[in-house]
Amino acid sequence: MADLAVTIGGRPAAYRAETLSISGSLGTRTTATFSTVDHPPFDDVVEVGQVVEIRDETTAIIFAGTVDSVDEEIDPGERVRFKRLACVDYNQIADRHLVAYVYQPDEDNPAVYAGDVIRDIVSRFFVFGGVTEGIDTSAVENGPAIEKFVFNYVPASQAFDEIAELAGYIWYIDYAKRLHFTPKDRNTAPFAIGDDTQNWRNLKISESRDLYRNRQIVRAGTALTDPRTDTVVATEADQEYFEVSYPIGTASAVTVNGVAKTLGVDGLHEGRDFYWSYGSNVLTAEVAPGAGARVALTYRGLFPILVDERIDAEILARRALEGGTGVYEAIADDPAINVQTVAVQKALAYLRKHGVIPQTIRFETDRPGLRPGQLLPVRVATAGLDDNYLIESVNMRDVQGAVNRYQVTAVSGDALGGWLEWFSALARQAQKFVLYDEDQVMMLKIVTETVRVSDSAAEYDRGTVGRKPESRVGLARADFAETDWVHA
């Protein structure tokens, strides 16, 4: 392999051999660390934020991103300076921008897809002062239809993660700043490894039940019931408080003995017959309606979300192997979720990730192109391997400045019928997705207003006789006291 070509800020950098390390794993940003050498007159200036590109001997880019930090080591004799750089890939751009918006179909857009949301986030939020981040969204696929997505000032990367997790897709920004959103079953590795491929070495196989669970409970926030009407009969003449079945999320109407009355929010409205408060199951009357009065409130109540999902086949397999119940339980808290179906999808996502005791393989290769999230075909009959493995991490280092060596970790999906089958089934779901069904998102807007101020010297020229400098306390301005004139 020829020397690596490293550029920083568009200028060639004196890369120091055997210092490069590129690391990436699922759910994290790919990072690169390396050192450069700077000789007198020490004009190799490196600043945080500069663009970094690293190319191999074929001129293919093996890393691109920006400088995250710089540490400089100065030789006492001022003969040489070493800079140690830590860099992060372009996915970091999505960490820097917040999303505050409600996405749902309307009359103008009767069908909204997950890909539409991702493209809009880039065009709407990856811009400031008319300047964009330069992200290409041509590789964003439509994905499944959505019913409602609500993002209340969350990082764009978190929004992308949640959309992709629910849809069974994967997203990433590549080294050309192109955003990908594609089904996981089509995110395949550029090559396979097998008995006769001669592109791998030092294969290791392991199994562990760390983080394993086959029953997942998600304790979420509160959700709204369907519209309901509760009727409460006043038992006393002076009764002003009426308790309904659920804490009130929103209320639309109230009647007394079938006659409509006015309804308001306590602390917000005045002059109403009845008042309600969010989260309270008590309706308050301004004036007691009298004993025997039938007070009927139409409202949507709040109820806590607690979902319980499991993989029965895994439980039975553990029971047969270990004895006992075979159940491995785990609970996750996500109070931001206020839709039952979203909590279910969250639980299934946990089981998708941890509901197997995977077979983990580790190997080395000198061939570039593998990245976390890809499905890698592994056909090594001598080791009993014949499956598509999900790449969890890829770590690269240069060996003596001559070889780029990649250490790859990948996991099987056997317990779920194989990753390819699982992801394909997930992508084929016909359901529409809801994500955080809130009613409002507070959005900041920058209002630009132009004020024109004009003056005419002629106004001061007319009738200046008889005027004197302003000297009254609180009105005089020291910087203009000799030229600002007023009538005497």
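Tabulated results
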| quantity | calculated |
| --- | --- |
| Count - residues of the stretch 211-250 that are farther than 29 Å from Ala285 by Cα, among the polar types (S, T, N, Q) and open to solvent by 30 Å² or more (accessible area, probe 1.4 Å) | 0 |
| Subset of the stretch 56-98 [at pLDDT below 90, touching a strand residue (DSSP E or B) at 6+ places or on another chain (Cβ under 9 Å) and among the charged types (D, E, K, R)] | Asp56, Glu57, Glu72, Glu73, Asp75, Arg81 |
| Residue satisfying condition, being surrounded by 15 or more Cβ atoms within 10 Å (Cβ to Cβ), at pLDDT below 90 and not hydrophobic (A, V, I, L, M, F, W, C), within set Asp44, Asp3 | Asp44 |
| Boolean, Asp366 is touching a helix residue (DSSP H, G or I) at 6+ places or on another chain (Cβ under 8 Å), over 18 Å from Tyr212 (Cβ atoms), open to solvent by 20 Å² or more (accessible area, probe 1.4 Å) and at pLDDT 85 or above | no |
| Only listed residue being at negative phi and not β-branched (Val, Ile, Thr), chosen from Gly258, Gly264 | Gly264 |
| Lone unmet requirement of (1) modelled with pLDDT under 90; (2) open to solvent by 20 Å² or more (accessible area, probe 1.4 Å); (3) under 25 Å from the mean Cα position of the chain (by Cα) for Phe423 | (2) |
| Exclusive hit being touching a strand residue (DSSP E or B) at 6+ places or on another chain (Cβ under 7 Å), of a type in the set (A, V, I, L, M, F, W, C) and closer than 25 Å to Ser23 by Cα, set Phe126, Phe149, Phe181 | Phe181 |
| Enumeration of residues in the stretch 394-408 that are buried (at least 19 other Cβ atoms within 10 Å of the Cβ) and modelled with pLDDT of 90 or more | Val394, Met396, Tyr406, Val408 |
| Complete set of residues in the stretch 317-335 that are of a type outside the set (A, V, I, L, M), farther than 26 Å from Asp226 by Cα and open to solvent by 30 Å² or more (accessible area, probe 1.4 Å) | Arg318, Arg319, Glu322, Gly323, Gly324, Thr325, Tyr328, Glu329 |
| Inter-residue pairs, beta-carbon under 8 Å, first free of Cβ contacts under 8 Å to residues at least 40 places away in the same chain and more than 12 Å from Phe160 (Cβ to Cβ) and in the stretch 111-126, second among the aliphatic types (A, V, I, L, M) and surrounded by fewer than 18 Cβ atoms within 10 Å (Cβ to Cβ), 6+ apart | Ala111/Ala145; Val112/Ala145; Tyr113/Ala145 |
| Residue selected from the stretch 6-21 under the condition under 19 Å from Glu57 (Cβ atoms) and part of a loop (DSSP other than H, G, I, E, B), by the criterion most open to solvent (accessible area, probe 1.4 Å) | Glu18 |
| Selection count, the stretch 362-400, where residues are in a loop (DSSP other than H, G, I, E, B) and within 32 Å of the chain's Cα centre (by Cα) | 8 |
| Residue within the stretch 336-352 that is touching a Phe, Trp or Tyr at 6+ places or on another chain (Cβ under 9 Å), in a strand (DSSP E or B) and surrounded by fewer than 17 Cβ atoms within 10 Å (Cβ to Cβ) present | no |
| Long-range neighbours under 6 Å by Cβ, at least six apart or interchain, first residue on the phi < 0 side of the Ramachandran plot and surrounded by 18 or more Cβ atoms within 10 Å (Cβ to Cβ) within the stretch 22-36, second of a type in the set (Asp, Glu) and part of a strand (DSSP E or B) | Arg29/Asp89; Thr30/Asp89 |
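Residue by residue, here is whether (1) modelled with pLDDT of 90 or more; (2) under 19 Å from the mean Cα position of the chain (by Cα); (3) surrounded by 16 or more Cβ atoms within 10 Å (Cβ to Cβ) holds:
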| residue | (1), (2), (3) |
| --- | --- |
| Ser157 | yes, yes, yes |
| Glu162 | no, yes, yes |
| Glu165 | no, yes, yes |
| Thr182 | yes, yes, yes |
| Lys204 | yes, no, no |
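The values are calculated or read from the model by the stated rules, or taken from the named source; none is laboratory data. What you see is a predicted model, and the numbers here were worked out from it, not measured in a lab. Reconstructed Cβ throughout: ideal geometry from the backbone, glycine too, with neighbour counts over all protein chains shown. Each accessible area value is taken on the protein alone, full model and side chains, heavy atoms only, with ligands, DNA and RNA left out. Shrake-Rupley method; radii C 1.70, N 1.55, O 1.52, S 1.80 Å.
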